[in-house]
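Engineer: Here it is: the structure, laid out below.
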Amino acid sequence: MRNSRVLIIDDSSTIRAMVEELLATQARCHEIATAPDVPTARALMASFYPTIITLDLNMPGIDGLKLLDELRGYPHAPIVVVSSASTDGSEAANEAIEHGAHACFDKSKIISESKRFIRTLKKASVVKLRATRALQAA
């Protein structure tokens, strides 16, 4: 995650803290911001300019899929859905990908599969870096 700024969007303070703690151990993850809901996330996206976003699907008010739909068609950081509903091959994971998520990760495995979680975020970061370079070259 080259000089990454990660925005964690989750209504669970425990999950936000767990992800934040994992990311704090990464040398190239320089800044981390957290949002408990979509309205707060919108404000942070406008001022923080994240390079990677983690997003829970099931939140009160505006859910993750609605935010994915809202961002569709606009340039934004790659989004990794981190949700208990997005287990490998699940309908929720497939739907999140269809709505524009870069990848999905099962929230219940953040700690037990922390290395895979970090790799998933790093892959999202590389996708963003390649897209940026392609735009600059054009």
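Engineer: Is it true that Ala17 is closer than 20 Å to Lys66 by Cα, out of contact with any Leu (no Cβ under 6 Å at 6 or more places or on another chain) and part of a helix (DSSP H, G or I)?
Structural biologist: No, not satisfied.
Engineer: While we're looking at this one, here's another question. Name the single residue that is nearest to Ser108 (Cα to Cα) among those in the range 57-93 being hydroxyl-bearing (Ser, Thr, Tyr) and touching a strand residue (DSSP E or B) at 6+ places or on another chain (Cβ under 9 Å).
Structural biologist: For the range 57-93, the residue satisfying everything is Ser84.
Engineer: Scan the range 41-56 residue by residue and report those that are among the small types (Gly, Ala, Ser) and either touching a strand residue (DSSP E or B) at 6+ places or on another chain (Cβ under 7 Å) or part of a strand (DSSP E or B) (or both).
Structural biologist: Of everything in the range 41-56, just one residue is among the small types (Gly, Ala, Ser) and either touching a strand residue (DSSP E or B) at 6+ places or on another chain (Cβ under 7 Å) or part of a strand (DSSP E or B) (or both), namely Ala41.
We did not get these values from a lab; they are worked out from the coordinates using the rules stated. These numbers were taken from a predicted model, which means no experiment stands behind them. Note: ideal-geometry Cβ built from the backbone for every residue, glycine included; neighbour counts use all protein chains shown.
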